[in-house]
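Below is one structure, written out as structure tokens; the observations come after it.
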């Protein structure tokens with residue numbers, strides 16, 4: 001993932017910084033972080049070196065420990081705290097431990113099946129109910145077998161699901177996560 005992103009552009013501001021700092025390294029910081037604040041090592045994209053005359057040598061050295069943030073990957077602004085936790089977990093900026101507690105506390109949108117039940121789908125990783133954190137994450141069409149959408153508290157949803165069924169959060173969006181049944185019931 002790190003090597004697939006192009007190097008950041010060389011800006012006039014960087015060139016001016018190089019002129020003021022001959023021989024220094026100029027660091028490119030992931031846009032998730034304030035470059036004037038504290039940046040963890042994984043938030044540094046890489047660096048250019050200024051030569052003795054204060055000119056950038058042109059070679060960009062990538063940080064092998066860099067992890068692109070949701071911002072760098074072009075993910076949309078999170079719609080809510082649960083969506084934010086999913087995005088941060090998917091990019092390695094968070095462990096994901098907050099996802100289930102957040103899910104239990106918030107209202108989510110699920111498909112409604114005939115008679116008001118909640119349909120379950122095969123995800124390739126097991127069976128799961130599809131859960132959407134906001135209207136903007138809903139797919140263009142209802143999932144097969146669904147008759148509409150319904151809102152439910154995440155904790156109530158977990159209590160209703162059979163023991164072998166997990167949850168897929170925002171499965172049709174730019175970033176989602178599948179929570180296996182065991183994770184839901186810890």
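Each reported figure results from applying straightforward, stated rules to the coordinates on display, with no laboratory input. None of these values were measured; they are calculated from a predicted model.
From its DSSP helices (H runs of at least four residues, each -39,500 (n - 2.57)), the chain gives a residue-normalised ellipticity at 222 nm of -5000 deg cm²/dmol.
The slack between residue 71 and residue 20, meaning 0.36 nm per residue of separation minus the straight C-alpha distance, is 15.4 nm. Quick check on region 81-184: take the gyration tensor over C-alpha atoms, sort the square-rooted eigenvalues as a ≥ b ≥ c, and tell me if it's rounded (a/c under 1.5), prolate or oblate. It is prolate, given that a/c is not under 1.5 and a/b is the larger ratio. Once you divide the Cα radius of gyration of the chain by 2.2 N^0.38 Å, the number left is 1.36. Helix 81-90 sits at what angle to the longest principal axis of the chain, using alpha carbons and giving 0 to 90 degrees rounded to 10? Tilt of helix 81-90: around 60 degrees.
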